[in-house]
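**Student:** Sending over a structure as structure tokens; questions will come in a sec.
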Amino acid sequence: MNRNCCSKPTDNGSNPCVINMEQAIQNQNFRTTVWTGCYLQMTLMCIPECEEIGLEIHTDTDQFIRIEQGKAVVKMGRCKNQFDFQQTICEGDGVFIPAGTWHNIINTENNPLKVSSIYAPPNHLKGTIHQTKVDAEKEDY
């Protein structure tokens, strides 16, 4: 098995690999896929200060988001305009988002928010890199 320890990871799926998360979270792109397998995918995100991921829903995909650096608010609910769940989250916190749940994560600080995200099954095309949120919104899944 090869060890992949790089500060700018590329999508290594579905080959076995190891990445150094401390280096990987230095990612400056809005979204970068790090690993895409048949049943699981990991992305890294950098949410600019006082920005948000944006309201979204994954109908057939469960998601786990871990806050690597920063502080944010997570909002979730079964209806697009009604959030039954809202909580402040910070470095080290993990958020489980069931398939079919509307959600948004809002950076509440004046520094970039760094998150890692796991989708099961994968939600983005292998090798996806969105430099900005605008780039991500242009992509049609």
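The values are calculated or read from the model by the stated rules, or taken from the named source; none is laboratory data. Remember, predicted model here, so these are calculated numbers, not experimental data. In this analysis, Cβ positions are derived from the backbone assuming ideal geometry, glycine residues included, and neighbour counts consider all displayed protein chains. For accessibility, only protein heavy atoms count, side chains too; no ligands or nucleic acids. Shrake-Rupley method; radii C 1.70, N 1.55, O 1.52, S 1.80 Å.
**Student:** Hey, could you pull the Cα Rg and Dmax for segment 23-75, both in Å?
**Tutor:** Taking only Cα atoms of segment 23-75, I get Rg and Dmax of 12.0, 34 Å.
**Student:** Using only the alpha carbon atoms of the chain, find the Kirkwood hydrodynamic radius as the inverse mean reciprocal pair distance, in angstroms to one decimal. Walk me through the numbers before you get to the answer.
**Tutor:** On the way: mean 1/r = 0.0658 Å⁻¹.
Taking every pair of different Cα atoms in the chain, averaging 1/r and inverting gives 15.2 Å.
**Student:** While we're here: Leaving ligands, DNA and RNA out of it, work out the accessible area of VAL73 with a 1.4 Å probe and give it in Å² to the nearest 10.
**Tutor:** 20
**Student:** Also, quick follow-up: What do you get for GluC sites (Glu not before Pro) in segment 58-141 restricted to DSSP loop and a cutoff of at most 15 other Cβ within 10 Å of the site's Cβ?
**Tutor:** Listed in order of number, the matching sites are GLU91, GLU109, GLU139.
**Student:** Please give the length that would be gained between ILE57 and LEU125 if that part of the chain were fully extended, namely 0.36 nm times their separation in residues minus their C-alpha to C-alpha distance (nm, one decimal).
**Tutor:** So the chain would gain 22.8 nm between ILE57 and LEU125.
**Student:** Let me have the relative contact order for the chain, percent, based on Cα pairs under 8 Å that are six or more residues apart. Don't skip to the end; give the middle numbers.
**Tutor:** Numbers: 367 pairs, mean separation 42.9, N = 141.
Relative CO of the chain lands at 30 percent.
**Student:** Mind listing the Cα extents of segment 60-141 along all three principal axes, in Å, largest one first?
**Tutor:** Computed over the Cα atoms, the extents are 30, 29, 21 Å.
**Student:** So how compact is segment 35-107: Cα radius of gyration and Dmax in angstrom?
**Tutor:** 12.2, 34
**Student:** Let me ask another. Identify, among GLN87, THR33, GLY70, the residue whose Cα sits farthest towards the positive end of the charge dipole of the chain, taking +1 on the Cβ of Lys and Arg and -1 on the Cβ of Asp and Glu, with the dipole about the Cα centre.
**Tutor:** Farthest towards the positive pole: THR33.
**Student:** Still on this structure: How big is segment 93-141 along each principal axis, measuring the range of its Cα positions in Å and listing the largest first?
**Tutor:** Extents along the principal axes: 30, 26, 18 Å.
**Student:** Which of LYS71, LYS126, LYS80 moves the most in a Gaussian network model of the chain with Cα springs under 10 Å?
**Tutor:** LYS80
**Student:** Counting only protein heavy atoms and using a 1.4 Å probe, what share of the accessible area of the chain belongs to carbon plus sulfur, as a whole percent?
**Tutor:** Carbon and sulfur atoms account for 49 percent of the accessible area of the chain.
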